[in-house]
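Report on one structure; see the data block that follows.
The values are calculated or read from the model by the stated rules, or taken from the named source; none is laboratory data. Since the structure is predicted, the reported quantities are computational estimates derived from the model, not experimental observations. Quick reminder, even Gly has a Cβ in these numbers, built from the backbone with ideal geometry, and neighbours come from all protein chains shown. SASA here: full protein model, heavy atoms, side chains in, ligands and nucleic acids out. Shrake-Rupley method; radii C 1.70, N 1.55, O 1.52, S 1.80 Å.
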Amino acid sequence: MDFTNLAQKYGTPLYVYDFDYIAHRYEALKNAFHARKSLVCYAVKANSNLSVLKFLAGLGAGFDCVSVGEVKRALLAGAKNYQIILSGVGKRDDELKFALENEILMINLESEAEMNRLEAIAKQLGKSARISIRVNPDIDAKTHPYISTGLNENKFGVDLQTAKKMYLHAKNSPHLEPVGIHSHIGSQITDIKPVIEAAKIVANLTRELKATQIDIKFFDVGGGIGIVYGEESEPDLYEYAQGILANLSGLDVTVVCEPGRFIVGNAGYFLTSVLYEKFNKEKRFVIVDGAMNDLIRPSLYQAKHKIFALSSGKTLCECKKEQLWELKFSPCDVVGPICESGDFLAKDRNLPPLNPGDLVVIKSAGAYGFAMSSNYNTRGRAAEVAVKGGEDFLVRRRESFEDVVALEREFLG
């Protein structure tokens, strides 16, 4: 991929997505479950660009949405309503109503209070709401605390006993139709053992429910499959799928998974241009035009993305300490213009001397990059570009100052 040409053509900061890689990842996961009925519901929150969604819809993907806005995005991108799931802890009445009116596949419930509210809304509309219930199996996903969701201390889901109670209530309600069961214990999971353990717990609950004539049709294992950012090892998809399927013996269910990062994470690159270098005594800073408002993961999660520099057409990758003297590399922090000490894209990385206009490429930026970006410091958000079959396409233009202030009005006191 010619990052230098893309930066010259579209400017920086810039997000670039490899659509061929996205297709490869989707097909790999779909094929892992080929022996079973399955539905891959892409987690829209990871990267919600309409072109990404449209491309995945064309491949046959369903969509896991956590807001009415994401449901509308999926529908706008051409998703089939019966392949959309609405999840999330705090759904508003208007969101529940919209989901019911658009007859999506199912609404994933997170509490008894939410179930009662949905039942009342469905009754008002004269409808029966297809539901799943998010079961919290109290399993440690062994991931970052901010993205762990399967423990009792987390806000997500309900315990097993509460889930049973909710399913029995739904079974006897004319306005609720329990069709699915769901669990999701966290994100960026590289050890699949906790996922398989959670699947076993939820599968046993599913058998209990079916024994009471509750016809669970969809067994949703959530998402969370990790990717390689640095030195991690990705889970083996065959072992992942077989580990889940081994727990479903005797259950006639469609397996649903909700990958986001796994599909788009390593398909994306964040390009940023060097403004200049700065030294505070021994400390070296490479100051670039990208910032924490563009890519907040390093600041928020202390995430480490692999980076490399492009200078005079040469690719200059981060080197090991023993190579520093030979290659004239030195440790540096790659930082942006935001007025915060937490504004950094990389810390203590060994890079060569860089000049204004050189390019720094940050890898694994396709998930939770642009999606979590903001206009902090009144900075317009970056442009997004798709590359497919060697051709590049602008899929979101760069925001102007006028875009940033378009919804504001002068106070006329």
Please list, or write none, the lysines whose alpha carbon is within less than 16 Å of the alpha carbon of residue 306, excluding same-chain residues fewer than 8 places away. 320, 321, 347, 363
Expected unfolding gain across residue 242-residue 72 under the 0.36 nm per residue rule, minus the alpha-carbon gap, is 57.8 nm
Going by accessible area, probe 1.4 Å, with all protein chains left in place, what is the ranking of 34, 175, largest first? 34, 175
Per-residue ellipticity at 222 nm for the chain, helices alone: DSSP H runs ≥ 4 residues times -39500 (n - 2.57), over residue total, nearest 500 deg cm²/dmol? -8500 deg cm²/dmol
Ignoring ligands and nucleic acids, residue 169 exposes an accessible area, probe 1.4 Å, in Å² to the nearest 10, of 80
Can you give me the long-range amide H partners of residue 109? Hydrogens built in the peptide plane at 1.01 Å from N, cutoff under 5 Å, separation of 5 or more residues or another chain. 132, 133, 134
Rank 125, 75, 205 by mean-square fluctuation in a GNM of the chain with C-alpha springs under 10 angstrom and give only the top-ranked residue. 125
Under 5 Å between amide hydrogens, which residues at least 5 positions from residue 218 or on another chain qualify, with H placed 1.01 Å from N in the peptide plane? 180, 181, 254
Of the beta bridges DSSP finds with both residues in the stretch 48-259, what % are antiparallel, to the nearest 5? 5
Per residue, how much accessible area does the stretch 48-259 show when a 1.4 Å probe rolls over the protein heavy atoms, in square angstrom? 41
Using a 1.4 Å probe on heavy atoms of the protein chains only, the accessible area for residue 115 in Å², nearest 10, reads 10
May I ask for the distance between the Cα centers of the stretch 178-230 and the stretch 81-133, given as a whole number of Å? 20
Could you give the dipole magnitude of the chain about its Cα centre, charging the beta-carbon of Lys and Arg +1 and that of Asp and Glu -1, in debye to the nearest 20? 320
Stretch gain in nm, segment residue 403-residue 54, where the contour uses 0.36 nm per residue and the Cα spacing is subtracted: 123.2 nm
Helical segments meeting 24 Å axial Cα length and Kyte-Doolittle -0.5 threshold in the chain (DSSP H): 193-211
Viscosity 0.890 mPa s, temperature 25 °C: what is the translational diffusion coefficient of the chain from Stokes-Einstein with a Kirkwood Rh over Cα pairs, rounded to a whole number of µm²/s? 108
The stretch 48-259: relative contact order in percent, alpha carbon pairs under 8 Å with at least 6 residues between: 15
Using the charge dipole of the stretch 48-259 (Lys, Arg: +1 at Cβ; Asp, Glu: -1 at Cβ; taken about the Cα centre), state which of 243, 213, 230 has its Cα farthest towards the positive end. 213
Antiparallel DSSP beta bridges within the chain, as percent of all bridges there, nearest 5: 50
Run the numbers on the chain and let me know its relative contact order in percent, using alpha-carbon pairs under 8 Å that are six or more apart. 18
Charge context of residue 398, other residues only, Cβ under 14 angstrom, K/R +1, D/E -1: -1
Would you calculate the volume per residue, in Å³, of the smallest convex hull containing every Cα atom of the stretch 48-259? 119
